[in-house]
Amino acid sequence: MAHIDVDMKYLRMALRLAEKAKGRTSPNPMVGAVVVKSGRVISRGYHEKAGMPHAEAVALRKAGRAAKGATLYVTLEPCSHTNKRTPPCCPLIIQHGIRRVVVAMIDPNPHVSGDGIRKLKAAGIEVITGVLGDEAKQLNEAFVKHVTTRKPFVTLKIAQTLDGKIATASGESQWITGEQARMEGHRLRDSHDAVLVGINTVLNDDPALTTRIPRGRDPVRVIVDSNLRIPLKARVLTQRSAARTIVATVSTAKQKLAALETAGAEILRTKSRQGRVDLQDLMKKLGQRDIMSVLIEGGSEINSSALKAGIVDKVVLFLAPLLMRGKDSICSIGGLCPPRLNQAVRLEDLSVQFVGKDLMVTGYVR
């Protein structure tokens, strides 16, 4: 087998390991590591969550003395800086006598990018970079955006009929998509730091915004509520959950603000844009709170506002084999039609798959 094929084989193994911690490492990246010697895997490791040992440290601890002269495969450049909760990995790699390191992608953090590679090379270790780099970047797309812009990676999720409807004229929407698609939606919640909806979704549906899958993790709930219309009995405020609820607003209504804080909500004041929450400013403030990824699961108007504000990075569309019909049924994306076709939002890098009887289309906003 050619050298590059061998490297790809073990890096794919490392990527699969990294993905096991999906949704658990924020604000850190997902990282996997494999130690190989004489064509045999001698240890594996991955970063389980922030504050726990890094993938390289886990794999090297398992390998022990057997790591001397081995090749380390790692999905992200080993760290060399000390401004964090865990020790740097480069000294460990050097101390264990690793002969060769194959790295999928360079650390995108502009303050440390390339420094780990330089330290390893200075110690006489052969370093190969860029193998399966695109796959590694996609795995950590939220981390890449957050560490370079300090804003979260935003995914817009929509469940609609084939003719673009999310509800009947009376507001009935449960359920347009099937059970498997809805479970996939819960997996999306589980893998994101926060789920965001507009106040109309809270008023109309009173959602829990929890994750209902085995060993699932509830994301932070973000409610965009410019005028503080949220009822104090709303499920996002009253349910039992380890995740907090953030109410984003521009209102200065002291009595309602105090009542929401008493109910356990965190109030996040944003800049005002025409009397409404400025979504760009909201993303900036969420990023400052180390929220690395946001899943928008709102209705027609918040979907439109998010796209208009330019905060959406990725769109996940669940298409049910239904035709709603009717001008009065509710479209998945509201607002006004752009005056020209070239102002439509174009998606790139599309992927399509069936989830049960529904179609899931994923694309990126460029």
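The values are calculated or read from the model by the stated rules, or taken from the named source; none is laboratory data. Remember, it's a predicted structure, so these values are computed and weren't measured experimentally. Counting neighbours? That spans all protein chains shown, and the Cβs are built from the backbone with ideal geometry, glycine included. Just the protein is used for accessible areas: all its heavy atoms, side chains included, with ligands, DNA and RNA removed. Shrake-Rupley method; radii C 1.70, N 1.55, O 1.52, S 1.80 Å.
Within straight cross-link reach of Lys20, meaning Cα distance under 17 Å, which lysines are found once same-chain residues fewer than 8 apart are removed?
Lys49, Lys137
Suppose every K and R has +1 on its Cβ and every D and E has -1 on its Cβ; what is the size of the dipole of the chain about the Cα centre, in Debye to the nearest 20?
So the magnitude is around 940 debye.
Could you count how many Lys pairs in segment 231-320 have their Cα atoms under 22 Å apart, skipping same-chain pairs fewer than 8 positions apart?
13
From the residues Val222, Gly114, Pro88, which one has its Cα farthest along the dipole of segment 78-234 in the positive direction, the dipole being from +1 and -1 charges on Cβ of Lys/Arg and Asp/Glu about the Cα centre?
Pro88
Using a simple charge model, +1 on the beta-carbon of Lys and Arg, -1 on the beta-carbon of Asp and Glu, nothing else, what dipole does segment 35-164 show about its Cα centre, in debye to the nearest 20?
Working: 20 positive and 10 negative charges, 126 e Å.
Roughly 600 debye, rounded to the nearest 20.
Would you mind telling me the share, in percent, of accessible area of the chain contributed by carbon and sulfur at probe 1.4 angstrom?
Values: 9320 of 18530 Å².
In the chain, the share of accessible area belonging to carbon and sulfur is 50 percent.
Taking a spot 7 Å from the Cα of Ser170 along the direction of its beta carbon, which residues of segment 308-352 have an amide N less than 19 Å from it?
It comes to 323-331, nothing else.
Which of Leu341, Leu282, Leu203 moves most in a GNM of the chain, Cα contacts under 10 Å?
The residue that fluctuates most here is Leu341.
Taking every pair of Cα atoms in segment 292-358, average 1/r, invert it to obtain the Kirkwood radius, and report Rg/Rh to two decimals.
On the way: Rg = 13.7 Å, Rh = 14.2 Å.
The Rg/Rh ratio comes out at 0.96.
If I take the Cα coordinates of segment 1-128 and project them onto the principal axes, what are the three extents in Å, biggest first?
Principal-axis extents of the Cα atoms in segment 1-128, largest first: 37, 31, 25 Å.
How long are the three semi-axes of the equivalent ellipsoid of segment 217-278, in whole Å, if each is the root of 5 times an eigenvalue of the C-alpha gyration tensor, listed from largest down?
Those come to 20, 13, 9 Å.
For segment 69-108, what does the accessible surface come to per residue with a 1.4 Å probe? Please give it in Å². Spell out each step's value before the answer.
Working: 1460 Å² over 40 residues.
Accessible surface, normalised per residue, equals 37 Å².
Cross-link candidates for Lys151: which aspartates and glutamates have Cα within less than 13 Å, leaving aside residues fewer than 8 places away along the same chain?
Within reach: Glu141, Asp193, Asp281, Asp290, Asp313.
Explain nothing, just the number: relative contact order of the chain, from Cα pairs under 8 Å at least 6 residues apart, as a whole percent. Spell out each step's value before the answer.
Details: 775 pairs, mean separation 55.9, N = 366.
Once normalised by length, the contact order is 15 percent.
Over the C-alpha atoms of segment 101-212, what are the Rg and the largest Cα-to-Cα span, Dmax, in Å?
Cα radius of gyration and Dmax of segment 101-212 are 20.9, 69 Å respectively.
Which value, in Å², gives the accessible area per residue of segment 213-366 when a 1.4 Å probe is used on the protein heavy atoms? Present the calculation step by step, with values, prior to reporting the outcome.
Working: 8890 Å² over 154 residues.
With the other protein chains kept in place, segment 213-366 gives 58 Å² per residue.
Give me the number: length gained by fully extending Ile128 to Ser272, i.e. 0.36 nm times residue separation minus the C-alpha to C-alpha distance, one decimal in nm.
Numbers: separation 144, 0.36 × 144 = 51.84 nm, distance 4.84 nm.
Length difference between fully extended and current span is 47.0 nm.
Report, in whole Å, the centroid distance computed from the Cα atoms of segment 97-112 and segment 246-276.
Rounded to whole Å, the Cα centres lie 43 Å apart.
Assign unit charges at the C-beta atoms only (+1 for Lys and Arg, -1 for Asp and Glu), then state the dipole size of segment 146-264 relative to its Cα centre in Debye, rounded to the nearest 20. If you can, show how the numbers build up before the last one.
On the way: 18 positive and 11 negative charges, 85 e Å.
It works out to roughly 400 debye.
Per-residue ellipticity at 222 nm for the chain, helices alone: DSSP H runs ≥ 4 residues times -39500 (n - 2.57), over residue total, nearest 500 deg cm²/dmol? Mind showing how you got there, number by number?
Details: 12 runs with 109 residues, N = 366.
Taken over the chain, the calculation gives -8500 deg cm²/dmol.
Once fully extended, how much extra length lies between Ala258 and Lys121, figured as 0.36 nm per residue of separation less the alpha-carbon to alpha-carbon distance? Show your work: numbers first, answer last.
Details: separation 137, 0.36 × 137 = 49.32 nm, distance 5.68 nm.
Working it through step by step, the gained length comes to 43.6 nm.
Counting only DSSP beta bridges with both residues in the chain, what percent are antiparallel, rounded to the nearest 5?
If we restrict to bridges inside the chain, about 45 percent are antiparallel.
Please work out how much length the chain gains when fully extended from Thr149 to Arg340, using 0.36 nm per residue of separation minus the C-alpha to C-alpha distance, in nm with one decimal. Mind dumping the intermediate values first?
Working: separation 191, 0.36 × 191 = 68.76 nm, distance 3.04 nm.
Result: 65.7 nm gained on full extension.
If I model a spin label at Arg217 and Gln353 as a point 7 Å from the Cα along the Cα→Cβ vector, what separation in nanometres do I get?
According to this spin-label approximation, the distance is 2.1 nm.
Find the accessible area per residue for segment 112-199; the probe is 1.4 Å, ligands and nucleic acids are left out, and the unit is Å². Mind showing how you got there, number by number?
On the way: 3770 Å² over 88 residues.
Each residue of segment 112-199 exposes 43 Å² on average to a 1.4 Å probe.
If a/c stays under 1.5 just call it rounded; otherwise compare a/b with b/c (prolate if a/b is bigger, oblate if not). Do that for segment 148-302, with a ≥ b ≥ c from the square roots of the Cα gyration tensor eigenvalues.
It is rounded, given that a/c, with a ≥ b ≥ c, falls under 1.5.
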